[in-house]
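Worksheet: the structure to be examined is printed underneath.
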């Protein structure tokens, strides 16, 4: 299976392959590869004659292959990019998502792409952008692409990997970010890498190269409060700081649109789950805890403090409060209590 960094390195070295099949749940890496090919393989004068962008819903595989077999005009390469390739009905049979049908044995009925891969046009760079689903690795198509072309699966990153990805993304752009700011971005923007890249790009536009991005920068450019956010709430709870906790909860209750209860509840559940795990980590050294909990060592001290304040029995009760709050926010045994009041009640129970 092809690796994203290896593919990008080869492209930058102008080492092009005849066929790229980019599939998977994470659209960001697919877009990065296809956009680079679209922007850099041909110069501007060649693109008008030798670059074609198609959409799966508007074409069929036979037409795509026929185009790929053609020769470039007044140039060495032609580029054919198929966006939304997951909508091509000929390819949906090989996704393994319930749509697969028995493959035909007759060579005359062979998938046109499989036939093309046996003898691809060397002057063509053919790119399939097959987003939000993946080919069934057991299918003949997937096996053939893996053997004859570049098959890249773009996987969603786990939530605990997002801060490290933000660090790497910024390092490539000659910026850095402190751990708390990276974690805050990951918490509020989720694991949508395209969205994260867009927001981080705004930060970079307003800062000189080699700057370290801080929570102040995030507040100024993205609008996430540095004082009233879920990490400050977790920090206050870890210390059992009643005053600070109540200030944050009051802010959340007054701004439920920007701080939806369902997200706050989920964040607190993940937080206390790690506090519980901390209790059972045999080696309490910072490095071992960070590895076991899947976090930056910078945050270990906070979990150590929380574990001192919340024993396993209390944590069991806390998970009950979180579950109850989640159910009531969805209307279970609740007809009139607003989300802000549910949050206040739950946090009171956690603290006391």
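Where a number appears in this text, it was derived from the coordinates with a stated rule and is not lab data. Computed from a prediction, not measured in an experiment: that's the story for all the values here. All Cβ positions, glycine included, derive from the backbone under ideal geometry; neighbour counts span all protein chains shown.
Here each label is just a point 7 Å from Cα along the line to Cβ, and for residue 246 and residue 39 those points are 5.2 nm apart. Distance from the C-alpha centroid of the range 302-333 to that of the range 261-299: 14 Å, rounded to the whole angstrom.
For the range 194-286, what's the relative contact order in percent, using C-alpha pairs closer than 8 Å and at least 6 residues apart? Mind dumping the intermediate values first?
Numbers: 34 pairs, mean separation 15.7, N = 93.
Relative CO of the range 194-286 lands at 17 percent.
Separation of the range 1-27 and the range 120-183, taken as the distance between their Cα centroids, equals 8 angstrom. Using a cutoff of 8 angstrom between alpha carbon atoms and counting only pairs six or more residues apart, the relative contact order for the range 230-351 works out to 35 percent. With neighbour counts taken as other beta-carbon atoms within 10 Å, the residues 66, 154 rank, fewest first, as 66, 154. Each of 21, 29, 348 was scored by other Cβ atoms within 10 Å of its Cβ. Listed from fewest to most, they are 348, 29, 21. Calculated on the Cα set of the range 4-153, radius of gyration then Dmax: 14.7, 45 Å.
Expressed in units of 2.2 N^0.38 Å, where N is the residue count, the Cα radius of gyration of the chain is 1.25. Placing pseudo-labels 7 Å out from each Cα toward the beta carbon at residue 137 and residue 5 gives an inter-label distance of 2.1 nm. Computed from label points 7 Å out along Cα-Cβ, the spacing between residue 279 and residue 255 is 3.4 nm. The spacing between the range 43-84 and the range 201-230, judged by their C-alpha centroids, is 41 Å.
To the nearest 500 deg cm²/dmol, what mean residue ellipticity at 222 nm is calculated for the chain from DSSP H runs of n ≥ 4 alone, each contributing -39,500 (n - 2.57), summed and divided by the residues?
Computed ellipticity for the chain at 222 nm equals -16000 deg cm²/dmol.
Grouping the Cα pair distances of the range 231-324 into 10 Å bins from zero gives a pair-distance distribution of 15, 47, 31, 7, 0 percent in increasing distance order. Estimated from the Cβ-Cβ distance and a Förster radius of 41 angstrom, the FRET efficiency linking residue 194 and residue 313 is about 0.45. Relative protection proxy for 272-278, 286-292, from highest mean packing down: 272-278, 286-292 (other beta-carbon atoms within 10 angstrom). Normalised by the number of residues in the chain, the mean separation of alpha-carbon contacts (under 8 Å, six or more apart) gives a relative contact order of 16 percent.
Based on other C-beta atoms within 10 Å, arrange 280, 49 from fewest to most.
Ordered from fewest to most neighbouring Cβ atoms within 10 Å, 280, 49 come out as 280, 49.
The alpha carbons of the range 159-221 give a radius of gyration and a Dmax of 10.2, 29 Å, in that order.
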